[in-house]
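Below you'll find the structure, written out as structure tokens, and then a few comments.
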Amino acid sequence: MDEGNIIEISEVLGSKKRTVLLFLLNNQPMGYTQIEKGFKRKEIKIGSSEIYKHLNVLMRHRYIAKRGKVYLVTLKGKKMVESLDSLNNVPATVPRLEMVF
């Protein structure tokens with residue numbers, strides 16, 4: 001992975017609200033009002049300008065797209081969600097180090 005990709009991924013995942021937004025849209029395409037309700041259901045406070053800021057970052061990096069008034073996850077976004085979701089099943093253990101001489 002080159003440095004540009006790492007910076008892009010860091011920007012996308014640099015906000016928990018942006019990550020939640022990506023997961024919300026992965027469940028189903030949504031308009032602004034549905035997105036706002038999704039955050040309320042999760043009891044996450046977010047303002048309208050903040051929602052648009054996160055939508056713009058995700059669109060700029062092509063993790064989501066807009067069709068009419070609806071936002072939807074792209075294949076790239078789906079792969080990101082799948083990758084993050086798979087981390088839930090990985091144990092947080094320290095691997096055993098073996099020294100070979």
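Structure above, values below:
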read-out: Charge dipole of the chain about the Cα centre (unit charges at C-beta), most positive-ward option of GLN28, ILE9, THR93; value: GLN28
read-out: The chain - mean residue ellipticity at 222 nm from DSSP helices (-39,500 (n - 2.57) per run, n ≥ 4, rounded to 500); value: -17500 deg cm²/dmol
read-out: Centre separation in Å (Cα based) which lies between segment 65-80 and segment 24-63; value: 11 Å
read-out: Under 17 Å from LYS42, Cα to Cα: lysines that are on another chain or at least 8 residues apart; value: LYS16, LYS17
read-out: Size of electric dipole in the chain: Cβ of Lys, Arg +1 and of Asp, Glu -1, about Cα centre, debye, nearest 20; value: 660 debye
read-out: Bins of 5 Å from zero: percent of alpha-carbon pairs in segment 3-80; value: 3, 16, 32, 27, 15, 6, 2, 0
read-out: Chain lengthening between ASN27 and LEU13 when straightened (0.36 nm per residue, less Cα-Cα); value: 3.3 nm
read-out: Calculated FRET value between LEU84 and TYR52, using beta carbons and R₀ = 22 Å, to 0.05; value: 0.45
read-out: Peptide ranges 42-49, 90-97 listed from the most packed, as the mean C-beta count within 10 angstrom indicates; value: 42-49, 90-97
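Bear in mind that the values in this text are calculations on the coordinates, not laboratory data. Since we're looking at a predicted model, the values are computed, not measured. Glycine gets a Cβ as well: all are built from the backbone with ideal geometry, and neighbour counts include every protein chain shown.
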